[in-house]
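Enquirer: Okay, here's the structure, questions in a sec.
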Amino acid sequence: MHCTRFAGLLTILCLLPALTVPAISQVRYYDEIFPEVTLTGSIQFGSAPSIYSSSEKLRLDLYQPTGDVEMLRPAIVFIHGGGWSGGQRNEMQPWCQTFARRGYVTVTIDYRTGIWKPTFAYTFEAGLRANQDVRAAVRWLRANAALYRIDARRIFLGGASAGSMAALLAAYLDDDEIPAGVDTVKWGNAEGRSGSPGFSSQVQGVLNYCGAILDTLYMDAGEAAVASFQGMADPLVPFGSAKSPDFGFVIHGSAPITRTAQRLGITTALAGIPDMGHGVPDQAMMDSLIRFERNFLYLLISTQVGVERLGQGQPNSYGLLQSYPNPFNAATTICYLLPHESEIALAVHAVDGRRVALLEQGRRSAGEHTVHWQAGDLATGVYIVSLHADGLVLSQRVTLIK
């Protein structure tokens, strides 16, 4: 496992090892337990004006595990790349198939592409339109949740390159964060008008593969979890913060996205691959990417960090449970879950990144662990509790009130 530490970056950047799961035959959402998937193709989920047409139809392909009888299934929307200027939805078919075989409902979608002129405003408008269509697809899934047996509480986004950038906008952009000069009268606000009005477009997590965000200030505490997988030598989308050769202005890649999520207490993970460029170079690295994304989603759906803890007894996955009480005065109790014996560090940081307490460090056995933290002379404020376990980082915010 290769790990790198950036100055001032709390999150370990590494290729995460596979999670250990209970020794049973196969585990839904972790293993490919369904040999076949059923495709329902070219479903229209919306329409909206583009730079080429007054009304562009938007379609998706939907994949389900064949023979599945589960009544409530998480869903993932996958978004193709192409610099917001091209690409096709079938490029995300491998992701749709492998996650459908694991028990998810998956879709890959059209979105409006095209940049009218190479200026910041026109480029942002292209991203705004893509984000609107992603949100419309999420709303469509909720509108049709009963038909396709989708758990409307558990919808995730996954993208590649510019598709990830659209996903990050859909997860984090608010109306008051749209820059001046962007024509919202013509194109609409962040939510857009692409289809299925009246349903929520909120998502529970984002799989960011080789993508970036236009401004990390879009991210707020309590918003969607994010896992990023990117080459640290990416020449097209910076791993850090730098000018994009395609867009001509500064964008912020996986490292600042993860650093911001960590500061805000958003559940996050990052695989930074040394010497890798834009995109995976071979099937072995593609397999590593899928495992990384699988592990993060499995974490979110199988512990209280994301949605719920499944069952009792031995934990299925890593988890950092909600501290109690929170807010607290003087002391709070922190619980964490380990699926197997692990090397861990449990620490508390101030929002400016200073470590104020190291609560536990070393090897710990599988199971549920409880730690009582006495805040001592620390001032009233928000603090970040972080669990580092085998390369994975889980975080939560706690509030000290004196």
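Enquirer: Would you give the gap between the C-alpha center of the range 343-358 and the C-alpha center of the range 176-194, rounded to a whole Å?
Expert: 39 Å
Enquirer: What do you get for chymotrypsin sites (Phe, Trp or Tyr not before Pro) in the range 85-152 restricted to DSSP loop and a cutoff of at most 12 other Cβ within 10 Å of the site's Cβ?
Expert: Sparse-neighbourhood loop chymotrypsin sites (Phe, Trp or Tyr not before Pro): 116.
Enquirer: Nearest 10 degrees is fine. How inclined is helix 283-302 to the longest principal axis of the chain, computing both from alpha carbons?
Expert: 70 degrees
Enquirer: Using the alpha-carbon atoms, what tilt in degrees (0 to 90, nearest 10) does helix 254-264 show relative to the longest principal axis of the chain?
Expert: Taking the Cα atoms of the chain, the angle to 254-264 is about 50 degrees.
Enquirer: Per DSSP H run of at least 4 residues, take -39500 (n - 2.57); add these up for the chain, divide by its residues and hand me the 222 nm value, nearest 500 deg cm²/dmol.
Expert: When only DSSP H runs of four or more count, the value is -6500 deg cm²/dmol.
Enquirer: Test of understanding: express the Cα radius of gyration of the chain as a ratio to 2.2 N^0.38 Å, with N the residue count.
Expert: 0.96
Enquirer: Right, another one. May I ask for the angle, rounded to the nearest 10°, between helix 162-172 and the longest principal axis of the chain, with both axes built from Cα atoms and the value confined to 0 to 90°?
Expert: So the inclination is approximately 60 degrees.
Enquirer: Please compute the contact order of the range 319-400 in relative form: average sequence separation of alpha-carbon pairs under 8 Å and at least six residues apart, divided by the residue count, as a percent.
Expert: Values: 186 pairs, mean separation 28.7, N = 82.
Once divided by the residue count of the range 319-400, the mean separation gives 35 percent.
Enquirer: Let me ask another. Dividing the alpha-carbon Rg of the range 332-402 by 2.2 N^0.38 Å yields what?
Expert: On the way: Rg = 12.3 Å, N = 71, 2.2 N^0.38 = 11.1 Å.
Computed over Cα atoms of the range 332-402, the ratio equals 1.11.
Enquirer: Tell me, how many Å apart are the Cα centres for the range 27-77 and for the range 366-395?
Expert: Answer, in whole Å: 38.
Enquirer: Between rounded, prolate and oblate, where does the range 74-199 land on the alpha carbon gyration tensor, with a ≥ b ≥ c its root eigenvalues, rounded for a/c under 1.5, else prolate if a/b exceeds b/c?
Expert: It is oblate, given that a/c is not under 1.5 and a/b is not larger than b/c.
Enquirer: For a test of understanding, tell me how many lysine pairs in the chain have Cα atoms under 25 Å apart, given they are 8 or more places apart or on different chains.
Expert: Lysine pairs meeting both conditions in the chain amount to 4.
Enquirer: Right, something else. Restricting the count to DSSP beta bridges whose residues both fall in the range 3-302, what percent are antiparallel, rounded to a multiple of 5? Write out the running numbers ahead of the final one.
Expert: Values: 19 of 46 bridges.
So the antiparallel bridges amount to about 40 percent of the total.
Enquirer: Which GluC sites (Glu not before Pro) in the range 44-106 sit in a loop by DSSP (not H, G, I, E or B) and have at most 15 other Cβ atoms within 10 Å of their own Cβ?
Expert: Hits after loop and neighbour filter: 70.
Enquirer: Based on the mean of other beta carbon atoms within 10 Å per residue, what is the order of 257-264, 132-139, 26-33, 176-183, most packed first?
Expert: 132-139, 257-264, 26-33, 176-183
Enquirer: Please report, in whole Å, how far the alpha carbons of the range 119-255 spread along each principal axis, starting with the longest.
Expert: Reported extents, whole Å, longest axis first: 44, 34, 24.
Enquirer: I need to check one value: relative contact order of the chain, counting alpha carbon pairs closer than 8 Å and at least 6 residues apart, in percent.
Expert: 14 percent
Bear in mind these aren't lab numbers, they're just calculated from the coordinates by the rules spelled out. What you see is a predicted model; the values in this text were computed from it and never measured. We place every Cβ from the backbone using ideal geometry, glycine too, and count neighbours over all the protein chains shown.
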